[in-house]
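K.L.:
Quick one: structure below, then a few questions.
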Amino acid sequence: MFFSTKIKGYFVEQSDHTLRLARTSAPVAPMVVEVLRQCSTTDAEAIAEAMHDIQPKPGPSGYMNACCAVYPGKRLVRRATLEAKRAREATYFSDLLTAQFRIEPDKYTIQVINALDGSDYDLKKATQKEVLFCGLPSDDIVIAQDALLAAGIYPDQLELGSVSSLGGLVDYFAFTRSKTPTLVLEIGTDITHSFIVSSGGVEASRPIPQGLDAMVPIVQKELGLKDEESARKLFYSNTFDFTGMGPVLVRKLLKELQSSIGFYEVQTGQSVGQVICTMLPAKLAWLDDAIASALGVSSPKLDLVPWLESRHVTIPDGVASGALDIRWLGLLSLMANQPPAPPPDAVVAEKKA
């Protein structure tokens, strides 16, 4: 028997500022997106309302079991070139993580994947040189789980949102046959994770210790406000048009980005032609164009519907309205990255065996 269509899929993405939720007709493809909701991570009433919309009747446990993506500030998503001859040495990865990325490996949960296609790195073969180290502090896993549980969400599957989003973008660029190297920015509260991505995979990565909060003192100074708290409220409220101030607000971040882009272009001979900011709160979406303009590149509008359909994820027009901009990429990538359900014949054959 093919699995019942009564079994719904639930997907959750939690970033610094926003909680996004979805209910689908099935937990794996093929699936139809039935409901999409988003709210601020600090608005308990809005979260409760969104949870009710997604799952009006919670299960016996009282929790909504979901596939979840999180973005801890200290997450590790870094590309590295391995020395193939040393890859099998017992301490090689640990030494590399300590020396190159300056983290304490024993405090992290880490997975190594191939940078070109996202497959698991095969340590026995150790033939792939270009890899991504993906992980987060083990303590942050507990913190992320506790935050989700507090919202009534039980993470059946907990993913690093950056990995899911980047995988989705690489697949999207391959689907659209785009050859343009793209700067991808995850601008958080305290840190910006930057990547250069193409249809060939994740080609560069770098964390920059500047986030949205670094722009608050500039807002205070430029507007002559009495304290940073007033500036912070104004900056995040969207009650003031900061568009004209954009070049000043992104100046420090811009210097770091230009350095990363310049190094990549010299190394590869390819030009970065566009920038995508995947995690900006809706009220700060104008920063995307401000950064693109300052860098002299475009800020593309992605047409996600055909790509999702190629992954057997359908979004009806009524559900898709207003929910297909780049900020939804992480949640939608969770759905697109789920392994498809086995065909009925395969299920029957497995039962007979």
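K.L.:
Within region 236-250, take every residue that is touching a residue at least 40 places away in the same chain (Cβ under 8 Å) and assigned to a helix (DSSP H, G or I) and give me the one that is surrounded by the most Cβ atoms within 10 Å (Cβ to Cβ).
P.N.:
Leu249
K.L.:
Here is a follow-up. Of all residues in region 145-181, how many are surrounded by fewer than 22 Cβ atoms within 10 Å (Cβ to Cβ) and farther than 22 Å from Val28 by Cβ?
P.N.:
Residues flagged as surrounded by fewer than 22 Cβ atoms within 10 Å (Cβ to Cβ) and farther than 22 Å from Val28 by Cβ within region 145-181 amount to 13.
K.L.:
Name the residues in region 281-314 that are part of a loop (DSSP other than H, G, I, E, B), within 20 Å of the chain's Cα centre (by Cα) and of a type outside the set (Asp, Glu), would you? Let's see the steps before the verdict.
P.N.:
To start, the set of residues in region 281-314 that are part of a loop (DSSP other than H, G, I, E, B) comprises 281, 285, 296-297, 299-303, 311-312.
Going one step further and asking which of them are within 20 Å of the chain's Cα centre (by Cα), we end up with 281, 285, 299-303, 311.
Result: Pro281, Ala285, Ser299, Pro300, Lys301, Leu302, Arg311.
K.L.:
Which condition does Ala126 not pass, out of (1) touching a helix residue (DSSP H, G or I) at 6+ places or on another chain (Cβ under 7 Å); (2) small (Gly, Ala, Ser); (3) surrounded by fewer than 20 Cβ atoms within 10 Å (Cβ to Cβ); (4) over 23 Å from Glu89 (Cα atoms), if it passes all the others?
P.N.:
(4)
K.L.:
Go through the residues of region 208-216 one by one and say whether even a single one is more than 18 Å from Arg327 (Cα to Cα), part of a helix (DSSP H, G or I), open to solvent by 10 Å² or more (accessible area, probe 1.4 Å) and not polar (S, T, N, Q).
P.N.:
Residues of region 208-216 that are more than 18 Å from Arg327 (Cα to Cα), as a first pass: 208-210, 213-216.
Next, from what is left, pick out any that are part of a helix (DSSP H, G or I): 213-216.
Still in the list and also open to solvent by 10 Å² or more (accessible area, probe 1.4 Å): 213-214.
Filter once more, keeping what is not polar (S, T, N, Q): 213-214.
Looking through region 208-216, at least one residue is more than 18 Å from Arg327 (Cα to Cα), part of a helix (DSSP H, G or I), open to solvent by 10 Å² or more (accessible area, probe 1.4 Å) and not polar (S, T, N, Q).
K.L.:
Which condition from (1) at pLDDT below 95; (2) within 20 Å of Ala126 (Cα to Cα); (3) surrounded by 13 or more Cβ atoms within 10 Å (Cβ to Cβ) is the one that Gly73 breaks?
P.N.:
Checking Gly73 against (1) at pLDDT below 95; (2) within 20 Å of Ala126 (Cα to Cα); (3) surrounded by 13 or more Cβ atoms within 10 Å (Cβ to Cβ), the one that fails is (2).
K.L.:
Right, here's the next one. Of the conditions (1) within 27 Å of Ile187 (Cα to Cα); (2) assigned to a helix (DSSP H, G or I); (3) touching a helix residue (DSSP H, G or I) at 6+ places or on another chain (Cβ under 6 Å), Ser94 satisfies every one except a single condition; which number is it?
P.N.:
(1)
K.L.:
Further, regarding this structure: Filter region 182-203 down to the residues that are surrounded by fewer than 20 Cβ atoms within 10 Å (Cβ to Cβ), among the hydroxyl-bearing types (Ser, Thr, Tyr) and under 21 Å from Met215 (Cβ atoms) and list them by number.
P.N.:
Matches in region 182-203: Thr189 only.
The values are calculated or read from the model by the stated rules, or taken from the named source; none is laboratory data. None of the values given here were measured: they were computed from a predicted structure. Quick reminder, even Gly has a Cβ in these numbers, built from the backbone with ideal geometry, and neighbours come from all protein chains shown. The accessibility values were calculated without ligands, DNA or RNA, using every heavy atom of the protein model including side chains. Shrake-Rupley method; radii C 1.70, N 1.55, O 1.52, S 1.80 Å.
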